[in-house]
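For reference, the structure discussed in these notes is given below.
The values are calculated or read from the model by the stated rules, or taken from the named source; none is laboratory data. The model shown is predicted, which means the values in this text are computed figures rather than measured ones. As a convention, Cβ positions derive from the backbone with ideal geometry for all residues, glycine included, and neighbour counts pool all protein chains shown. The protein model used for the area step is the full one, side chains on, heavy atoms only, and it has no ligands, DNA or RNA in it. Shrake-Rupley method; radii C 1.70, N 1.55, O 1.52, S 1.80 Å.
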Amino acid sequence: MYHGRSSGKGPSNPAQLYQQPPRLLIVQIALHSWADIRSNLCEALQNFFSLACSLMGPSRMSLFSLYVVQNQHECILPFVQVKGNFARLQACISELRMLQREGCFRPHGTSLQLAVQDGLQQFKQYSRHVTTGTSLSYTSLEITVLTSQPGKKVVRQLEEGLKDTDLIRVRRLQVVEITKGVLEYMDSGSPVEEPSSDESSILGTDIDLQTIDNDVVSMEIFFKAWLHYSGTDQEHIHLLLPSRCFSNISRAKDDSMCLKCDLQERLLSPSLLPGTADGSLRMDDPKGDFSTLYQMASQSSASCYKLRVIKALNSSGICESLTYGLPFILRPTSCWQLDWDELETNQQHFHALCHSLLKREWLLLAKGEPLSGGHSQREPTSTFYVIVPSRSPTLLVKAVATRELLLPSPFPLLPEDPPDDSLKIVESMLDSLELEPTYNPLQARSHLYSYLSSTFTKPQGRLHPSWESQALRKHPFKAGQLQTSRVRVTVAPLPMIPTPSRAPKMPAASKPSSEAFFWPSEWEEYLSGL
């Protein structure tokens, strides 16, 4: 199976850095558990796509398709571009929500593997028929199977059923088991982190297994991981340390040690979304806060962006008012082009740096080294960053103000003894407040999801790609061919994939397989009935 390696170079522009590979989601519906899962899953998908379709700037998701597996496999959403297609995605979610009323059945043993094979072939057909100039950035597909069945059992079923299937176009195959756990962290003080690789196990041959709780927040967090860039073609950042800074880290041959790191966002910039306080001020700037470290790192394809550590600071030696922009997370790189020994050594040194900084209660001050480019005689500007350690194997990076940006702040010192009357009034007011040990963002709702969904009251542009319209002209829809408003889609099957019995009949076998496409008019009929 394809592991994310490619013969090409790393991302050469921000659009490629942000964009994720095409994704196929297969929902396996079990008889007794679907009623408990349906509502949470549909709400999580609705929230996620309202966010993904609203983000300004380069599209982070390319293609998405959804299959369900009941007594047979069925595609309820063919591959579509995510951005600009919220109407189709919402119709798909409504379709998924209605399945409970129509009844659920025990799936056949081969239905799941057939869904994988059928979705893979549909992706191949889409790839062949996209117009020239809009070719896909990715030629491989990520497949996620969402199930309430025991995850290990589903993994074994897929391993056995797909052992003779060509999966060279599959970048990753993942089984996600939905458990009946209770959302304990909603009442805790610490926010939830995305599942780490240590919390997932890799079973058999190249099939990842992960478990998530049956609640909206857990599912949202899982889907939001799709917005992260997860490419492994090239490391993002080189963190340069003077070799004498830490005695427990071996010296490099030159005067500095290079830690190779991957960059990850901690949160989405409000400036990338409509309807937010920050976004209303910067709607004309699609880059948002990415104009600093993340943007510069994404523009470096020939060489990585460098952060050179120049000083150490006490942990209490930085005023929060001097930091600006969004923080970013550094992790040890997982670039496949490095050999295993280098990856392991790099990770060990990174972990040693985190331990040393925590033990000494230090922060690091680093200077971003500008990328060389063009023939300008002007000296490029520099950005400074403070690097904060944590008890996880990550470093938090924040941009800090420089002399040129600083404004005068002639504030006098706070008086030591305020008036007794005022002190009693204020202390009484403070005593009435509920004290929380930490801030939990999961308990703070801004109603952003509902606002974003409401902005898509009308379909955005055409609902059908040009190649689907071409297929409609070749195979006009015949009245009465389907007696239900349910959306049906089929592709020319591989020899081992039987055409679903409820799908429309295809043209004669003598027709080329490339002419068997979707039926766009059914979408129009379905959407008009919503």
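Descriptive notes on the structure:
- Each residue was assigned an accessible area with a 1.4 Å probe, and for ILE237 the value is about 0 Å².
- Å³ per residue enclosed by the Cα convex hull of segment 398-442: 174
- If you sort SER111, SER432, SER59 by accessible surface, 1.4 Å probe, largest first, the order is SER432, SER59, SER111.
- If you plug the beta carbon distance of TYR451 and SER94 into 1/(1 + (r/R0)^6) with R0 = 22 Å, you get a FRET efficiency near 0.65.
- Inter-label distance, nm, simple model (7 Å from Cα along the C-beta direction), ALA401/GLN81: 4.2
- Cross-link table LYS124/LYS163; LYS359/LYS398; LYS398/LYS424; LYS180/LYS359; LYS124/LYS306; LYS224/LYS306, entries beyond 30 Å C-alpha to C-alpha: LYS398/LYS424; LYS180/LYS359; LYS124/LYS306
- The simple Förster model, with R0 at 60 Å and r as the Cβ-Cβ distance, assigns ILE168 and SER409 a FRET efficiency of 0.50.
- Solvent exposure ordering (accessible area, 1.4 Å, most first) of THR383, THR144: THR383, THR144
- Rounded accessible area of ASP213 (nearest 10 Å², 1.4 Å probe): 40
- Solvent-accessible surface ranking, highest first, for GLU142, GLU320 at 1.4 angstrom: GLU320, GLU142
- Computed from backbone phi with θ = phi - 60° and the Karplus coefficients 6.51, -1.76 and 1.60, the 3J(HN,Hα) list for segment 44-53 is 5, 5, 4, 5, 5, 6, 4, 6, 4, 7 Hz; x is used for glycine and proline.
- When the surface is traced with a 1.4 Å probe over the full set of protein chains, ARG38 keeps roughly 40 Å² accessible.
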